[in-house]
Amino acid sequence: MAQASDPAAVFDPLRPKLARIAYRMLGSVADAEDVVQDAFLRWMATDRDAVREPEGFLRRIVTRLCLDQLKSARRRREVYPGPWLPEPVLETEPEEVDDVTLPLMMALERLSPLERAAFILHDVFGVDFEEVAQTIGRDPAACRKLASRARSHVRSDRPRFDVPREHGRQIAEAFFAASRNGDMSALRAMLAEDVSLHSDGGGKKPAALRPVFGLDDVLKIQASLARQFATNRSRLLRYGMINGLPGFVTMEWDDTLQTTALDIRDGRIAGIYIMRNPDKLGQVGRAAGLN
C-alpha cells in the first residue's frame with residue numbers, strides 16, 4: 001500500500017499544520033521544526049496500515065512531544081534575561097487565519113501546559129474534546145474545563161476585530177517615520193494611553209530589562225531612542241505581518257537585525273513588540289533575504 005511504502009506521501013501534506021501546532025505550543029520555530037521531524041521519525045516506525053486517521057494520530061504525537069518540551073522550556077524561561085517574546089514569524093504570504101497573534105502567544109505562556117494544549121487544539125484548530133482527551137490523557141469533561149480556564153485567562157489578548165492589512169501597514173509606516181524622526185507629537189497621537197513596550201534581546205543585544213507601561217513612559221523611551229536614530233539611522237528592510245501583527249524589519253546601526261510588531265486596538269497602538277535576540281531571528285533573516 002502507498003501509505004505503508006511511502007510515509008512521506010502522507011506526512012508531508014500535514015507538515016505545515018503540524019508545524020503551526022508545535023510553534024503555537026512552544027513559541028520557537030526551531031523547536032517546532034525539531035518536534036515535527038521527531039514526529040516524522042516516529043511515523044516511519046509506526047505500523048501505518050493500522051492508523052485509520054493519520055492527521056489525528058500525528059497531531060497527538062506532536063502535542064505530546066510539545067508537552068514534554070514545555071517542562072524544560074519553562075525552567076529556561078524562569079532565568080531568561082529580560083522579557084521573553086515568542087520567536088517572530090514574518091509572513092511571506094497570507095497564512096491560514098487562526099488569530100493567534102503575538103500578544104495571545106504571550107498570554108499562552110501564563111497557562112499550564114495542559115491548559116495551553118486544550119486551548120490550542122480545541123479553540124484554535126477545532127479539534128473535538130474527545131480527541132483532546134486522548135491526546136493529553138484526561139477525560140473530555142476535564143478538557144472542557146482546561147479550555148474554559150484558558151479562555152478566561154487569554155480573553156483580553158484575543159483580537160477584538162481585525163485590522164485591515166493595508167490600514168495596519170499605514171500605521172506601521174507612520175510609526176516607523178515618527179519614531180526614527182523623533183516626532184513625539186505624532187507618536188503621542190497614535191499611541192494608546194495604556195500602551196506597553198516589550199523588547200527581547202536575550203542578553204545578547206541591548207534591550208529593556210522589563211516591559212514599559214503607559215503612554216508617558218513609552219514616549220520617554222521613544223525620545224531616548226530617537227536621539228540615537230538621529231546619528232545612527234535604521235535601515236528599513238521591509239514592512240510585513242509579524243505573528244499576525246503589522247510591523248517592519250530593520251537593520252540597526254550596530255548591524256542588529258530587528259523586528260517591530262504593533263498591536264493595534266481601536267485605531268491606536270496598544271503594544272509595541274521589539275525582537276533583537278539574534279537567536280530568534282533566523283527565520284526573519286531568511287524571509288528578508290539576508291541568509
Item to complete: Would you please list the contacts, defined by Cβ atoms under 7 Å and residues six or more apart or on different chains, that run from a residue in segment 107-134 that is free of Cβ contacts under 8 Å to residues at least 24 places away in the same chain to a residue that is surrounded by fewer than 19 Cβ atoms within 10 Å (Cβ to Cβ)?
Response: PHE129/PRO140; PHE129/ARG144; GLU130/PRO140; ALA133/ASP139; ALA133/PRO140
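Right, LEU121: crowded, with 19+ Cβ neighbours inside 10 Å, under 20 Å from GLY244 (Cα atoms) and at pLDDT below 90 or not? Can you show your working first?
Working: crowded, with 19+ Cβ neighbours inside 10 Å: yes; under 20 Å from GLY244 (Cα atoms): yes; at pLDDT below 90: no.
Considered against the rule, which asks whether it is crowded, with 19+ Cβ neighbours inside 10 Å, under 20 Å from GLY244 (Cα atoms) and at pLDDT below 90, LEU121 comes out as no.
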Discussion item. Within segment 221-238, take every residue that is part of a strand (DSSP E or B) and surrounded by fewer than 17 Cβ atoms within 10 Å (Cβ to Cβ) and give me the one that is farthest from the chain's Cα centre (by Cα).
Written reply: ARG235
Response to the item:
For segment 1-28 the number of residues that are modelled with pLDDT under 90 and assigned to a helix (DSSP H, G or I) is 5
Worksheet item: Pick from segment 188-206 the residues that are part of a helix (DSSP H, G or I) and either among the small types (Gly, Ala, Ser) or in contact with a strand residue (DSSP E or B) (Cβ under 8 Å, 6 or more places away or on another chain) (or both): which of them is nearest to ASP263 (Cα to Cα)?
Response: MET190
Worksheet, complete the sentence: Per the filter on segment 136-159, residues surrounded by fewer than 22 Cβ atoms within 10 Å (Cβ to Cβ) and touching a Ser or Thr at 6+ places or on another chain (Cβ under 9 Å) are ILE136, ARG149, ASP157, ARG158, PRO159
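Can you find even one residue in segment 176-187 that is at negative phi, without any contact (Cβ under 8 Å) to a residue 60 or more places away in the chain and in a loop (DSSP other than H, G, I, E, B)?
yes
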Practice prompt. Of the numbered conditions (1) over 21 Å from the mean Cα position of the chain (by Cα); (2) surrounded by fewer than 18 Cβ atoms within 10 Å (Cβ to Cβ); (3) among the aliphatic types (A, V, I, L, M); (4) closer than 30 Å to ASP200 by Cβ, ALA30 fails exactly one; give the number of that condition.
Written response: (1)
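The values are calculated or read from the model by the stated rules, or taken from the named source; none is laboratory data. Remember, it's a predicted structure, so these values are computed and weren't measured experimentally. Positions of Cβ are backbone-derived with ideal geometry, glycine not excepted, and every protein chain shown enters the neighbour counts.
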